[in-house]
Amino acid sequence: MGCKLFRRQSSRVPLGVALSFAQELQKYLESLPEVLNVSLAGSARRWKETVGDIDLVVSTREPNKVAEQFVKHPRLSHILEQASDRILACSHLGIKVELIQVPPEEFNLTVFRDTGSKAHWLHLEQVLAEHGIIPELVQGSSVEEFEKGVYAALGLAYIPPELREDQGEIEAAVQGQLPQLIELGDIKGDLHVHTNWSDGIHTLSQMADAARARGYEYIAITDHSKSLRITHGLSEKRVLEQRKLIDQYNREHPDFRVLAGIEVDILSNSALDYPDDFLKDMDIVIASVHTGFKQDQERLTERILTALKNEHVDILAHPTGRLLGRRAPYPLDLEEVLEVAAATQTAVEINASPDRLDLDAANSRCLMERGGLLAINTDAHDCRHLTDMEFGVMTARRGWVEKNSVINSWPLKKLQRWLNKGK
Ligand SMILES: [Zn+2]
Ligand SMILES: [Zn+2]
């Protein structure tokens, strides 16, 4: 089966799928004796939410031997082009894999250039030429050290791959005003996870233990609300029963905090799935849309605005409902939603599941510029998915997000003050 057939279905795949395949190929290449070094380049190295091509750069003195082994990889279905230094292949995922082979002395520069984006690289080349700097002459013991050296030769701070889109990052670096991007290590808790009380697979204490094992200070348990029957949404009575378990866990683990939360459905008629009187006693409330996607833009926007204006709603989860490669965002006046979220100081979620990455990077940046707040949450239904946090943090970084704007980078005390303050 050729690439054409696959490509008609979708020419890009979600980053999560592309990255795990790229890592598999990278390991395979690293196992070949003729390979001196391998690096991912292209949009996957920049953590773009979907990937069209996987670009891998290999350092070797024996490209023919590497090529011979590479084309035999069982997940490559079809070789499209082959030259002495370059192979373009079609993969089982339907996306193309490009292998570039260079001698060791060209490796760092090739990875830098092929990481792109093209627009960033062209802009950078122009600035390098204006300053008479020849990147080939810059030394570096690794790709990152080399890249740092090139930017430093221009008097610039390091611009990480996820910012290289030529969206003002070179200008910001020239002015010494690159953002202090949030890092994975800044995250102090996850504010959206499910347990086996609704549609998660692990128990409440398993999820909390897994969060503690990641070094978090807190986690919010946010199972589904009662109308979402398919997920075994919780009745008010069940929520109160769960609360007892949370209190018990907190008594037994004074160094950690489980917040009693709920993911409350925004119903088709704009009402929330529990009355205000009930919501006011929750530690944290996240609101989201799971039904009625077929409503028109005006109705859907109105539902979300009503939730944002509710004084008990702390976070708007997966705001556009998209599933990458499977479901488009529902029709929404996102401009208005971000405006009202900022005005009401309701945090908007970057859902870190690689299937969602919702809010996306560009809109996260828009929200920041309006003075809004974000929460980066995994929405894990399985404790293994707490590791998805990295995808959310990288999406935030692509959106120039600094840690002060991310409520789950705050220490517990500060978060609780914010939660208790009301809107
Ligand atoms: Zn949800
Ligand atoms: Zn959820």
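Read-outs throughout are calculated quantities, based only on the coordinates presented, and are distinct from any laboratory measurement. Owing to the predicted nature of the structure, the values given are computational and were not obtained by experimental measurement. Note that we place each Cβ from the backbone using ideal geometry, even for glycine, and neighbour counts take in every protein chain shown.
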* Asked: What residue among Gly321, His73, Pro14 has its Cα farthest toward the positive end of the dipole of the chain, where the charges are +1 on Lys, Arg and -1 on Asp, Glu, each on the Cβ?
  -> Gly321
* To do: Rank Pro161, Val58, Met282 by how far each Cα sits towards the positive end of the charge dipole of the chain (+1 on Lys, Arg Cβ; -1 on Asp, Glu Cβ) and give me just the farthest.
  => Met282
* Structure fact -> For the chain, inverting the pair-averaged 1/r of distinct alpha-carbon atoms gives a Kirkwood value in Å of 23.3
* **segment 184-421 - charge dipole about Cα centre, Lys and Arg +1 at Cβ, Asp and Glu -1, debye rounded to 20** => 340
* **Out-of-range pairs (alpha-carbon distance over 24 Å; input Lys226/Lys294; Lys65/Lys118; Lys48/Lys403; Lys237/Lys309; Lys48/Lys118; Lys294/Lys403)** => Lys65/Lys118; Lys237/Lys309; Lys294/Lys403
* Asked: Which value in deg cm²/dmol, rounded to the nearest 500, describes the helix-derived mean residue ellipticity at 222 nm for the chain, given -39,500 (n - 2.57) per DSSP H run of n ≥ 4 and division by the residue count?
  -> -11000 deg cm²/dmol
* Asked: Counting pairs of alpha carbon atoms under 8 Å apart in space and at least six apart in sequence, what relative contact order in percent does the chain give?
  -> 13
* Subtracting the Cα-Cα distance from 0.36 nm times the residue separation, let me have the gained length for Asn250 to Val127 in nm, one decimal. => 38.7 nm
* At a Cα cut-off below 16 Å, give the aspartates and glutamates reachable from Lys27, other chains included and same-chain residues fewer than 8 away excluded. => Asp55, Glu98
* Excluding Glu136 itself, calculate the net charge of residues whose Cβ lies under 10 Å from the Cβ of Glu136, where each Lys or Arg counts +1 and each Asp or Glu counts -1. => -2
* With point charges of +1 on the Cβ of Lys and Arg and -1 on the Cβ of Asp and Glu, referenced to the Cα centre of the chain, which listed residue (Gly372, Pro135, Thr301) lies farthest in the positive direction of the dipole? -> Thr301
* Cα-centre dipole for segment 1-106 with unit charges at Cβ (Lys and Arg positive, Asp and Glu negative), debye to 20 -> 560
* Asked: Hey, got the dipole for the chain? About the Cα centre, +1 on K and R Cβ, -1 on D and E Cβ, debye to the nearest 20?
  -> 860
* **Dmax and Rg, reported as Rg then Dmax, of segment 1-105 (C-alpha, Å)** => 13.0, 40
* To do: With a 10 Å radius around each residue's Cβ, average the other Cβ atoms per peptide and rank 123-132, 105-114, 228-237, 147-156, highest first.
  => 105-114, 147-156, 228-237, 123-132
